[in-house]
Structures are given as C-alpha cells and as structure tokens.
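Beneath this line is the structure, given in structure tokens, with notes to follow.
The values are calculated or read from the model by the stated rules, or taken from the named source; none is laboratory data. Keep in mind that this is a model prediction, so the values were computed, not measured. Ideal geometry is used to build each Cβ from the backbone, glycine not excepted, and the neighbour counts take in all protein chains shown. These accessible areas exclude ligands, DNA and RNA; they are computed on the full protein's heavy atoms, side chains included. Shrake-Rupley method; radii C 1.70, N 1.55, O 1.52, S 1.80 Å.
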Amino acid sequence: MTVDALDGRIGEGWSGEAPNGSHVNVVLARRGSPTAAAAVSMLAHPTPGHTPVLVCVGPTQAEYEPVWPPTLMMNKATATDPAHQTMTWGAAQLGIAQGVLDAVADGLVEATGDLLVLVAVWVDPAADDETAVREANRAATRKALGVCVDGRDATAAATLVERRDSLRNPFYSGH
C-alpha cells in the first residue's frame, strides 16, 4: 500500500495483562500532510508528565538512533513518578520500536522517512515488570499497525454493531 493511501489510517492494539499490559492507538501520516503536521506539532507542546519523543533505540544515550519509519510516541497516562517514567520511556518505548520494526520486517510498512507513525501509549502506573511492559507494547504496536494497514475485520465490526446495547467497559460501573 502506498504512503499516500496510509495517511490518516488509525489502529488500536492491546496486549498483555494488567498492570503490565499496554494499550496503544496508532495514526499513520504521510510526510508533508496535515496529519503529519498535527503529529509533529505535539513534539513542540509537552506538558508536565506527558513528554512526546521520537522513538529511539541504542545501548546508551550517546548511541541512540531513531526507528525508521520515524515514530513519535506520546504517553496517555501522566508519568510523574520515576518508576512510571522509566516504564513508559524505557520499556514501552523499546517495545514500540520493536513493534514498528516487526511491521517493517513483515512487509506491512516500509522503513521510509515519507511515513510517520504516531503512537499514543497507556502504561499503567502500577506496572512492575519492565520486560512484560516491553513485550506488551511490542505486540500491541504490531497489532495496531496491522489494523492501520489491513483495516478492521468486517465480521468483528458487524458483531459489535449487533451487540451495541449490551456492550461493557472495564472503567464503567453503571447499568
């Protein structure tokens, strides 16, 4: 699929088990598009506990290199505690990088500067296993990229419509 056709595609992925599971939302953008401009502008607007980063990997900070396609990460859960910050910008960032690179290795997306990957990630502040957080982010990111490129399963979408009156959410306790 061309980069132009991917612009604005949205995907979602969950992997792992709480508190070390991860939920990601992914948006793909073509360099130079309004979608990309919106994604890049978030880098200029950090807020306390929400630091957008260009996803990089490397054994030391001096050896960092960006993942390709360029991947921008923004945390959805406010990270003010040092342990939560480490889980978010360490384990989650590495897992996101690996998930993007898995998608490249699988031929889903190209390693090109013409495509931007925006990942909004939720890491539970109670997370306590950095390896599980990394693995969950890797799988969730790869899953979300699959939805971006391949689309939503039509049968699953139709089933959701059929069940709309009985739907539940783990954060809703009403009737």
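Overview of values
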{"item": "Among the candidates Asn25, Asn20, residue that is under 16 Å from the mean Cα position of the chain (by Cα) and open to solvent by less than 30 Å² (accessible area, probe 1.4 Å)", "result": "Asn20"}
{"item": "Unique match (being closer than 27 Å to Thr60 by Cα, surrounded by 12 or more Cβ atoms within 10 Å (Cβ to Cβ) and among the charged types (D, E, K, R)) among Arg142, Arg152", "result": "Arg142"}
{"item": "Any hit, the range 140-163, residues being modelled with pLDDT of 95 or more, more than 27 Å from Ser41 (Cβ to Cβ), assigned to a helix (DSSP H, G or I) and of a type in the set (D, E, K, R)", "result": "no"}
{"item": "Restricting the range 155-175 to residues that are among the aliphatic types (A, V, I, L, M) and open to solvent by 70 Å² or more (accessible area, probe 1.4 Å), the residue that is farthest from Asn75 (Cα to Cα)", "result": "Val161"}
{"item": "Residue in the range 79-109 that is surrounded by the most Cβ atoms within 10 Å (Cβ to Cβ), counting only those that are out of contact with any Phe, Trp or Tyr (no Cβ under 9 Å at 6 or more places or on another chain) and in a loop (DSSP other than H, G, I, E, B)", "result": "Val109"}
{"item": "Options Arg9, Arg30: the member that is open to solvent by 70 Å² or more (accessible area, probe 1.4 Å), touching an Asp or Glu at 6+ places or on another chain (Cβ under 6 Å) and not polar (S, T, N, Q)", "result": "Arg30"}
